[in-house]
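Working notes for the structure below.
The values are calculated or read from the model by the stated rules, or taken from the named source; none is laboratory data. This structure is a prediction, so every number in the text was calculated from the model and none was measured. For neighbour counting, all protein chains shown are included, and Cβ atoms are generated from backbone atoms with ideal geometry for every residue, glycine included. Areas reflect the complete protein model, heavy atoms only, side chains present, ligands, DNA and RNA absent. Shrake-Rupley method; radii C 1.70, N 1.55, O 1.52, S 1.80 Å.
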Amino acid sequence: MGAELCHDEGKLNPLVANARLRTTAEGLGIELHTDLIVGLESRPDGIEATGKRARYSADRVVIAAAWGAGALTQGLGVDIPSRAEPLHMNITEACETQIGHLVQHAERSITLKQFASGQVVIGGGWAARDRGRDTVPAVVPASMLGNVALAARLVPSIGGLRVIRTWAGMNTTIDGASVIGPLPSHDRVIMAIPGDAGYTLGPLVARMAAACAQGSDLTEEARRFSPARFAA
Ligand SMILES: Cc1cc2nc3c(=O)[nH]c(=O)nc-3n(C[C@H](O)[C@H](O)[C@H](O)COP(=O)(O)OP(=O)(O)OC[C@H]3O[C@@H](n4cnc5c(N)ncnc54)[C@H](O)[C@@H]3O)c2cc1C
């Protein structure tokens with residue numbers, strides 16, 4: 001048996017955090033446009049992106065398109081094997097049980113954590129059904145049953161709780177590591193792909209990618225995250 005304790009572990013509710021990020025960005029005067037980028041052309045003097053709604057020119061671009069990164073960088077000298085991975089989640093009603101830390105099993109697919117509301121969020125990589133890139137994945141009933149049954153075995157005191165919501169979302173897998181920094185032969189295109197665990201890694205990956213966009217090089221120890229490892 002083994003365990004790891006992270007004293008300053010934190011957790012966030014993405015519904016709240018994403019809305020706050022958006023509000024903060026708008027407050028800083030950042031313009032947000034929603035579009036599907038279908039082509040990216042790298043020129044000596046800048047980048048031209050073709051979207052379904054408009055064309056965009058920029059001195060540099062940061063690609064933070066997760067599973068979409070491979071398709072976006074095709075033809076730019078790299079072959080980034082980004083894949084969409086549909087995953088399942090559950091949340092229970094609030095309970096008396098206190099789970100003060102993230103529970104993650106070393107061998108079985110499960111994570112669980114508790115919100116301040118007392119509700120327990122149960123996930124850990126159970127599959128959902130891919131319905132294409134234009135819609136969210138569908139919940140697979142067997143994943144829900146397997147996931148919550150395993151949770152109840154690990155933490156028997158939550159076994160009687162009702163699951164009040166399940167949902168599925170799209171995770172991204174690449175090669176197990178983040179992809180950060182400029183493309184080897186098109187340095188105006190900068191990657192910012194955390195890979196899975198992107199909520200945990202996102203702020204750090206974003207900071208590193210932003211530094212690259214402002215002209216800094218990746219540090220020696222961060223070079224293994226460079227997209228150069230996928231040079232075609
Ligand atoms: C069920 C589930 C549970 C998770 N639990 C955790 C957890 O507990 N802790 C943790 O750290 N992480 C967790 N993750 C992973 C985390 O959610 C992701 O790693 C993180 O959201 C990645 O952030 P991102 O901004 O890089 O990519 P995303 O949030 O995936 O955003 C990428 C965006 O790019 C868009 N896009 C793609 N291609 C294009 C294109 N051509 N043009 C325009 N837009 C495009 C996509 O539509 C998407 O909106 C979980 C993921 C899932 C699905």
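A few notes on this one:
- Residue within region 110-117 that is within 9 Å of the ligand (Cβ to nearest atom) and either touching an Asp or Glu at 6+ places or on another chain (Cβ under 7 Å) or farther than 23 Å from Asp35 by Cα (or both) present: yes
- Residues located in region 94-133, provided they are polar (S, T, N, Q) and either in contact with a Lys or Arg (Cβ under 6 Å, 6 or more places away or on another chain) or within 21 Å of Val16 (Cβ to Cβ) (or both): Thr111, Gln114, Ser117, Gln119
- Evaluating Arg129 against the criteria (1) in the same structural domain as Ala94 (by TED's automatic domain parsing); (2) surrounded by 17 or more Cβ atoms within 10 Å (Cβ to Cβ); (3) under 20 Å from the mean Cα position of the chain (by Cα) leaves one unmet condition, (2).
- Among residues of region 162-184, those that are within 15 Å of Met89 (Cα to Cα) and among the hydrophobic types (A, V, I, L, M, F, W, C), counted: 5
For every residue, the table says whether it meets (1) away from the ligand (no atom under 16 Å from the Cβ); (2) crowded, with 19+ Cβ neighbours inside 10 Å.
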site	(1), (2)
Ser157	yes, no
Pro182	yes, yes
Ala192	no, yes
Tyr199	no, no
Ala209	no, yes
Gln214	yes, no
Ala222	yes, no
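- Neighbours by Cβ (under 6 Å, 6+ apart or cross-chain): first from region 62-88, closer than 16 Å to Ala197 by Cα; second more than 6 Å from the ligand (Cβ to nearest atom) and part of a helix (DSSP H, G or I): Ser82/Trp67; Ser82/Ala69; Ser82/Gly70; Ala84/Trp67; His88/Ser143
- Residues that are surrounded by fewer than 12 Cβ atoms within 10 Å (Cβ to Cβ) and small (Gly, Ala, Ser) within region 21-30 comprise Gly27, Gly29, listed in sequence order.
- When the criteria are applied in full, Trp167 fails the requirement of being within 15 Å of the ligand (Cβ to nearest atom) and buried (at least 18 other Cβ atoms within 10 Å of the Cβ).
- Search result, residues across region 51-71 that are open to solvent by less than 70 Å² (accessible area, probe 1.4 Å), closer than 19 Å to Ala177 by Cα and within 9 Å of the ligand (Cβ to nearest atom): Ile63, Ala65, Ala66, Gly68, Ala69
- If the condition is being open to solvent by 90 Å² or more (accessible area, probe 1.4 Å), more than 15 Å from the ligand (Cβ to nearest atom) and at pLDDT 95 or above, then region 31-50 contributes only Glu31.
- Verdict on Asp187 being away from the ligand (no atom under 12 Å from the Cβ), charged (D, E, K, R), touching a residue at least 24 places away in the same chain (Cβ under 8 Å) and more than 30 Å from Glu93 (Cα to Cα): no
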